[in-house]
Amino acid sequence: MTAPISCSIVIAARDAEENLAAIISALAPGMTNDTEILICAGQGDPAGAKLPDIAGLRVITGRRDASIPELWRDGIVAARGRGVGLLTAHCIPSPAWLMHLRKLDPDKRAGYGGRITEPAGTGAVSRAIHRLRYFGASAADGAGEVDEIAADNAFYDRDEILRCPDLLAEGFWEPAYHARFRARGRTLEYVPTLCVNHANRYSARQFMQQRRQHGRAFGRERAEGKRAVSRWLMLIASPAVFPIFAAKVTLRILGRADLRAGFLRAAPWLYLFLANWSLGEMRGYADAALGRGR
């Protein structure tokens, strides 16, 4: 008799298929009969090819050019475990990652977020991406209850996610779910021992495209459901997004010695990525104000 699955590992594989072998090698020693790995990739993506043949490994195919949040959503829906660990193929788990994941209790918290470290000697583009995306998930201490975690290295109560069918329709954009969890009285926890290493495979062009896509989705979601006058006011005020966002990111980086290292080299890329997000967010507000479809 096959053991029921209690833990599903969902890996959103986009633009980083080169890392999959290392990720699976890190997970394989901790695999048991009650664990499954789901590699989620868009139609035509090479990520599903030439994977090692290990028990419990499945490939989930999403729409062509699916975003990472959409791939996470596809994996979460297909998963069979109550607890769902999320990764992207741009992050390689530590050898003890799965052991630490198994200690997390979905009854206690709606979600747990782990630490995302930066490899030594990383280039300016990768360094900028790490500082922009993973500031809140890069500290070695600070374990405990938090408002936000990075889904790139996280563990969630799948039942809690599935209680949000309206959000699932758009993908797993974690801030919207976190807000819903808090409204239900569920909490999140930062667990630094749940550690992955950022192994970026995005080119600068690919990440700029991703920032515009994600910024647009954020702006549209933020404005939808509001009165027409509010949507137009958000659009009119949207040119302020970049300077406010840039100032906030700069101050938090300069406030930590570990993140200041190499900042000058990474800064041009970081601000370029921020500008692309801001353009996307402005377009999202325009979509909502003008009633444009997705």
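The values are calculated or read from the model by the stated rules, or taken from the named source; none is laboratory data. None of the values given here were measured: they were computed from a predicted structure. In this analysis, Cβ positions are derived from the backbone assuming ideal geometry, glycine residues included, and neighbour counts consider all displayed protein chains.
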### Query
Any residue in the stretch 40-53 that is within 20 Å of I76 (Cβ to Cβ), in the same structural domain as G85 (by TED's automatic domain parsing), of a type in the set (K, R) and in a loop (DSSP other than H, G, I, E, B)?
no
### Message
Among the residues of the stretch 152-160, are any buried (at least 19 other Cβ atoms within 10 Å of the Cβ) and among the aromatic types (F, W, Y)?
### Response
yes
#### Entry: Output for the stretch 195-214, where each listed residue is in a helix (DSSP H, G or I) and either among the polar types (S, T, N, Q) or farther than 9 Å from G280 by Cα (or both)
A204, R205, Q206, F207, M208, Q209, Q210, Q213
### Task
Working carefully through the options F245, F263, find the one that is buried (at least 18 other Cβ atoms within 10 Å of the Cβ) and either in the same structural domain as R127 (by TED's automatic domain parsing) or within 23 Å of F135 (Cβ to Cβ) (or both).
F245
### Query
Can you name the residue in the stretch 1-17 that is at pLDDT 90 or above and outside any loop (DSSP other than H, G, I, E, B) and, of all such residues, is farthest from Y112 (Cα to Cα)?
A12
#### Entry: Residue check, H100 under 16 Å from Q210 (Cβ atoms), at pLDDT 90 or above and of a type outside the set (S, T, Y)
no
### Query
Is it true that G219 is in contact (Cβ under 8 Å) with a residue 60 or more places away in the chain, of a type outside the set (D, E, K, R) and within 21 Å of R292 (Cβ to Cβ)?
yes
### Summary
L167 fails exactly one of (1) surrounded by fewer than 20 Cβ atoms within 10 Å (Cβ to Cβ); (2) in contact with a Cys (Cβ under 6 Å, 6 or more places away or on another chain), namely (2)
### Message
Consider the stretch 61-80. How many of its residues are assigned to a loop (DSSP other than H, G, I, E, B) and surrounded by fewer than 21 Cβ atoms within 10 Å (Cβ to Cβ)?
### Response
4
### Query
So which residues in the stretch 92-130 are in contact with a Gly (Cβ under 9 Å, 6 or more places away or on another chain) and either assigned to a helix (DSSP H, G or I) or within 27 Å of L264 (Cβ to Cβ) (or both)?
W97, L98, M99, H100, L101, R102, T122, A124, R127
### Query
In the stretch 266-285, is there at least one residue being surrounded by fewer than 13 Cβ atoms within 10 Å (Cβ to Cβ) and either outside any helix (DSSP H, G or I) or among the aliphatic types (A, V, I, L, M) (or both)?
no
